[in-house]
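Some notes on the structure that comes next.
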Amino acid sequence: MRPRLSGATASVAALGLLGPLLTACGSSDRHDGTTLRLVAAEYGTSPATSSQAYWDKLAATFSAAHPGKKVEVTLYPWADVDREVTRMVDEGNAPDVALMGAYSDFAAQGRLYAASDLLSIRAEANFLRPLAEAGSVDDTLYGLPFVASSRLLFYNEELFDQAGAKPPKTWSDLKDAAEALKDEGVLYPYALPLGPEEAHAEALIWELSNGGGYSGNTGGYAIASEQNTQTFRWIKDNLVSPGLTGPIAPAELNRQDAFAAFLRGDVGMLNGYPSLLHEARAKGLKVGTLSMPVSDTLRVGQTLPSAGVADWMMAFKHDGNRELVGSFLEFVYEDKNLNEFAGRYHLLPSTVSATQSSKDAAADPSGAQFLNALRGAELYPVNEPSWLQVSNTIKRNIGKAVAPSADPKAVLEDIARQARDAEQQR
């Protein structure tokens with residue numbers, strides 16, 4: 001989502017091109033049932049693509065249909081929005097609704113409405129199941145998934161043809177293709193972005209492809225599991241050490257830099273999401289997409305989940321705001337409104353009905369492939385109250401697991417220890 005599982009896209013505001021934006025005149029700290037305050041992440045990548053246009057239109061349409069009601073929208077870059085909302089909450093000035101990358105900390109504090117307090121039964125039941133499960137704590141939906149993305153392996157078809165490489169189905173296939181690409185002079189045979197921007201996404205993709213992941217079977221974290229240890233040992237020995245991941249150490253390669261290299265034609269393979277595919281095609285690149293290759297140690301025919309990312313709407317409890325918030329969220333999640341936002345940023349809508357009516361998915365076989373992957377996806381454990389802190393720990397440290405002198409098991413165990421400490425602090 002960031003693309004986000006983090007936000008779904010990089011924000012221009014994060015680059016200093018755009019500050020907090022406010023629609024409507026002035027701001028209000030009242031929760032009297034007439035003014036709704038929404039704080040949202042900025043999804044645009046330039047002033048021309050800022051999310052403000054969408055929210056301005058939506059707020060105006062909602063107000064026209066609900067005389068006497070208005071919506072104030074403040075946008076923050078993805079790098080700042082979680083911190084800014086936390087600050088507002090700590091100062092006793094929480095917004096009515098927030099759109100950001102994590103919700104469970106506020107749910108654990110009892111600050112959020114449950115979806116059943118706000119939405120009709122039909123609207124609550126309309127969310128795609130993997131997203132609804134990730135948005136639930138103790139079987140109660142608090143984080144309303146807004147837009148999402150799944151991840152597929154992208155490969156440059158022209159570079160593959162030049163190298164005589166075949167689309168990989170297993171890890172050993174991926175290694176063979178990477179070796180052929182390297183022999184052909186491709187700068188990044190496989191781009192492995194384990195830098196701090198979004199390392200937790202790349203790590204999860206690989207962990208899932210070996211039957212692992214961040215979550216244990218009985219809840220909590222399983223970061224240093226045997227499967228995960230095997231995964232990072234294989235990556236280190238078979239991709240990083242032989243020089244198949246490019247000139248920049250994985251721990252220093254951020255997602256956006258890897259994507260930029262892919263768009264330049266310097267990358268043979270990498271994991272990507274729908275908006276990158278759209279950009280690549282706009283540049284004339286021929287891109288193939290397929291599910292992430294799986295470990296050779298898995299049994300034949302074993303089905304594994306893909307990695308999914310979603311961004312979350314949440315509604316804060318205030319005296320007198322429940323009816324207005326419920327009306328607004330019902331409006332936001334109408335198919336036409338949700339699909340307009342998802343289509344604007346080439347992301348996936350979060351509801352069953354919106355995915356069925358999505359023009360992008362109907363017209364593009366790759367769009368359907370992303371949607372199918374999302375339906376069976378595993379998301380970050382965002383319903384763990386400590387996830388925001390744990391994800392930051394993973395981002396900063398997981399790249400160390402594939403460093404030349406590293407012991408992957410020791411690195412994962414250190415991250416797991418910090419995760420346990422974070423859980424105990426809650």
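The values are calculated or read from the model by the stated rules, or taken from the named source; none is laboratory data. None of these values were measured; they are calculated from a predicted model. Here the Cβ is made from the backbone with ideal geometry for all residues, glycine too, and neighbour counts use every protein chain on show. When the accessible area is computed, the model is the full protein with side chains, heavy atoms only, and any ligands, DNA or RNA have been set aside. Shrake-Rupley method; radii C 1.70, N 1.55, O 1.52, S 1.80 Å.
Mind sorting out which of (i) 41, 27, 20; (ii) 37, 23, 19; (iii) 42, 24, 19 is the real semi-axes √(5λ) of the Cα gyration tensor in Å computed from the coordinates?
(ii)
So if each residue of separation counts as 0.36 nm, and I subtract the Cα-Cα distance between Ala125 and Asp173, what length gain in nm does that give?
Extra length from Ala125 to Asp173 when fully extended: 13.2 nm.
How big is the charge dipole of region 270-324 about its Cα centre, in debye rounded to the nearest 20, if each Lys and Arg gets +1 on its Cβ and each Asp and Glu gets -1 on its Cβ?
240 debye
Any idea what the dipole of the chain comes to, in debye rounded to 20, about its Cα centre with Lys/Arg Cβ at +1 and Asp/Glu Cβ at -1?
320 debye
Placing +1 at every Lys and Arg Cβ and -1 at every Asp and Glu Cβ, with all other atoms neutral, what dipole size does region 153-209 have around its Cα centre, in debye to the nearest 20? The partial results should precede the final answer.
Numbers: 4 positive and 12 negative charges, 34 e Å.
Approximately 160 debye in magnitude.
Given the rule -39500 (n - 2.57) for each run of at least 4 DSSP H residues, summed and divided by the residues of the chain, what is its mean residue ellipticity at 222 nm, to the nearest 500 deg cm²/dmol? If you can, show how the numbers build up before the last one.
Values: 19 runs with 176 residues, N = 426.
Mean residue ellipticity, 222 nm, calculated: -12000 deg cm²/dmol.
What nm distance separates the two modelled labels at Ala48 and Arg87, each placed 7 Å from Cα along Cα→Cβ?
With each label point 7 Å from Cα toward Cβ, the separation is 3.1 nm.
What's the carbon and sulfur percent of region 324-426's accessible surface, probe 1.4 angstrom, rounded to a whole number?
Roughly 48 percent of what the probe reaches on region 324-426 is carbon or sulfur.
Compare the peptides 278-287, 156-165, 262-271 by average per-residue count of other Cβ atoms within 10 angstrom and give them in order, highest first. Write out the running numbers ahead of the final one.
Numbers: 278-287: 14.3, 156-165: 18.0, 262-271: 21.5.
Ranked by mean Cβ neighbours within 10 Å, highest first: 262-271, 156-165, 278-287.
Per 5 Å bin, what percent of the C-alpha pairs of region 96-173 does each bin hold, from zero upward?
Calculated P(r), rounded to whole percents: 3, 12, 20, 17, 9, 5, 6, 9, 8, 7, 4, 1.
Could the peptides 244-252, 323-331, 120-128 be put in order, highest first, of the mean number of other beta-carbon atoms found within 10 Å of their residues?
244-252, 323-331, 120-128
For region 302-426, what is the accessible area per residue in Å² when the probe is 1.4 Å? Write down the numbers at each step before the final one.
On the way: 5310 Å² over 125 residues.
In whole numbers, region 302-426 has 43 Å² accessible per residue.
Which stretch or stretches of region 65-94 have amide N atoms under 16 Å from the point lying 7 Å from Arg344's Cα along the Cα→Cβ direction?
71-78
Roughly speaking, what is the stretch gain from Gln109 to Ile205, that is 0.36 nm per residue apart minus the C-alpha to C-alpha distance, in nm to one decimal?
Full-extension gain reported as 31.5 nm.
Starting from the Cα of Glu133, step 7 Å along the direction of its Cβ; do the same at His278; then give the gap between the two resulting points in nm.
About 2.8 nm separates the two model spin labels.
Between Asp414 and Ala64, with labels modelled 7 Å along Cα→Cβ, what's the label distance in nm to one decimal, could you check?
It works out to 5.8 nm between the two label points.
Grab every C-alpha pair in region 286-406, bin the distances at 5 angstrom width from 0 up to the longest one, and report whole percents.
Final binned percentages: 2, 8, 13, 14, 16, 17, 14, 8, 5, 3, 1, 0.
Could you tell me which residue out of Val402, Thr351, Asn372 lies farthest along the dipole of region 337-426 toward its positive end? Charges go on the beta carbon: Lys and Arg +1, Asp and Glu -1, centred on the Cα centre.
Highest projection toward the positive end goes to Val402.
Roughly what % antiparallel, to the nearest 5, for the DSSP beta bridges in the chain?
Percentage antiparallel, nearest 5: 65.
Based on the mean of other beta carbon atoms within 10 Å per residue, what is the order of 394-406, 412-424, most packed first?
Final packing ranking: 394-406, 412-424.
Using a 1.4 Å probe, what is the accessible area per residue for region 165-256, in Å²?
37 Å²
Any chance you could run the full-extension gain for Glu158 through Glu423? It's 0.36 nm times the residue separation minus the Cα-Cα distance, nm to one decimal.
Length gained between Glu158 and Glu423: 90.7 nm.
Charges on Cβ only, +1 for Lys and Arg, -1 for Asp and Glu, centred on the Cα centroid of the chain; of Asn93, Pro381, Ala115, which one is farthest towards the dipole's positive end?
Most positive-ward Cα: Ala115.
Leaving out ligands, DNA and RNA, and with a 1.4 Å probe, what % of the accessible surface on region 101-235 is carbon or sulfur?
43 percent
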